[in-house]
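The values are calculated or read from the model by the stated rules, or taken from the named source; none is laboratory data. This one's a predicted model, so the numbers in the text were calculated from it and none came from an experiment. Here the Cβ positions follow ideal geometry from the backbone for every residue, glycine too, while neighbour counts run over all protein chains shown.
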Amino acid sequence: MNADRAQQNMVDAPECKVSVLCATFNHEDYLRQTLDSFVAQKTDFPFEVLVNDDASTDHTAEILREYADRYPDIIRPFYQDENLYSRRMNVYDLVFFPAARGKYIALCEGDDYWNDPEKLQRQTDWLDAHPDYSACVHNSIGKFSDQPDRVLFAQDGDRDIPFEQVINGMSHAYHTSSILARREFILNPPDYRNVAYEKGYFTDYAIGVRLCLEGKVRFLDRCMSVYRIGSNPSAWSKGVGQEYSKLTRFVSGEIAMLETLKSHELTPEQKAAVDRVILEREYELLYLQGRVEEMVKPPYDQIHRSMGTGHIVSTQLKRMFPRLHRLYRKNRGYGDSE
């Protein structure tokens, strides 16, 4: 339905069916497109959009106020005087979860957007008809700052997402901007999700794992959202691959999250998959920390042998010339090594 119809339904309907949660910070270049993509959704049900401005220093808050005034029955704004993220406070726990009213929860950050006005309708139709599914996700387009756009996931048709795919990492399964999930599986986070944020400042990986454990997850092979990659200096994707401290914290957080997950009820196959991924993340952490001697010994030797020839040769050279390796790491700002 158009925006006017959406607003009228918000007033007339007895309850809100979908709550869209949108965290934003210094997104003035992108937020209009994001908010336009929300209010353009064509649905036969009411939905709300909760947007939190985390004390932006640009014109993000002004844009949000403009849209909140134009669409008061859809957009519910929240404004922070101090940046929550810098104080390691989770906006979802503090702001979004207590306020969300929807039966289903959708996620999309302020620099990403939806490119299909039927996204919410298609996903809610699926979940309404399939109560054994915890979530419905879909394909997405990656919008890069330095290369052409591309479809993020193999276009193999609609399908269910297996646990073994998600446990390898969200980048192997679907993007967060595609999630529509039952509220009980988003608004009541488990302990391993809290550990993920506390140790690694991330939550999407833990959310994906939980959705697979609570029910089936349906993947619609239709590109209905766009993920901006590397376009915003404040975005996670801009720095996680280049900043040693940020990447180290992220990998350490993944390990801590997975270790906590092991205390939950898992099938033997799921537990084996978790153990395998923990070992792989530990190997990655050893690499980041420059601990090359440990990388080639049990229990990591099998992982090392499975790596490409270039990686194996590089590791051997680092072992042969440890002083040069330490000097290189110091010059690159990688911190202390072995």
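The residue list Lys199, Lys143 contains one member that is more than 22 Å from Pro46 (Cα to Cα) and part of a helix (DSSP H, G or I), which is Lys199.
What about Asp191, is it farther than 15 Å from Phe250 by Cβ, charged (D, E, K, R) and out of contact with any helix residue (DSSP H, G or I) (no Cβ under 9 Å at 6 or more places or on another chain)? Considered against the rule, which asks whether it is farther than 15 Å from Phe250 by Cβ, charged (D, E, K, R) and out of contact with any helix residue (DSSP H, G or I) (no Cβ under 9 Å at 6 or more places or on another chain), Asp191 comes out as no. Scanning the stretch 85-95 for residues that are at pLDDT below 95 and either of a type in the set (A, V, I, L, M, F, W, C) or loosely packed, with under 10 Cβ neighbours inside 10 Å (or both) yields Arg87, Arg88, Met89. For the stretch 317-328, the criterion of being farther than 30 Å from Arg193 by Cβ and among the aromatic types (Phe, Trp, Tyr) is met by at least one residue. Scanning the stretch 21-41 for residues that are within 22 Å of the chain's Cα centre (by Cα), farther than 22 Å from Ala99 by Cβ and either in a helix (DSSP H, G or I) or not aromatic (Phe, Trp, Tyr) (or both) turns up Asn26, Glu28, Asp29, Arg32, Gln33, Asp36.
Screening the candidates Ala106, Ala68 for the property of being buried (at least 19 other Cβ atoms within 10 Å of the Cβ), outside any loop (DSSP other than H, G, I, E, B) and in the same structural domain as Asp160 (by TED's automatic domain parsing) yields one hit, Ala106. Taking the numbered list (1) touching a residue at least 24 places away in the same chain (Cβ under 8 Å); (2) not in a loop (DSSP other than H, G, I, E, B); (3) not polar (S, T, N, Q) in turn, Asp44 passes all entries but (2).
Taking the stretch 200-218 as the range and being among the basic types (Lys, Arg) and surrounded by fewer than 18 Cβ atoms within 10 Å (Cβ to Cβ) as the test, only Lys216 passes. For Glu184, the conditions (1) buried (at least 18 other Cβ atoms within 10 Å of the Cβ); (2) touching an Asp or Glu at 6+ places or on another chain (Cβ under 9 Å) are fulfilled apart from (1). Suppose the filter is under 15 Å from the mean Cα position of the chain (by Cα) and outside the structural domain of Glu259 (by TED's automatic domain parsing); does Val151 pass it? Against the criterion (under 15 Å from the mean Cα position of the chain (by Cα) and outside the structural domain of Glu259 (by TED's automatic domain parsing)), Val151 does not qualify. Quick one: would you say Glu294 is charged (D, E, K, R), surrounded by 19 or more Cβ atoms within 10 Å (Cβ to Cβ), modelled with pLDDT of 95 or more and not assigned by TED's automatic domain parsing to the domain that holds Ala129? Judged against the criteria, Glu294 is not a match. If I filter the stretch 111-134 for residues that are farther than 13 Å from Met224 by Cα, part of a helix (DSSP H, G or I) and of a type in the set (Gly, Ala, Ser), do I get at least one hit? There is at least one residue in the stretch 111-134 that is farther than 13 Å from Met224 by Cα, part of a helix (DSSP H, G or I) and of a type in the set (Gly, Ala, Ser).
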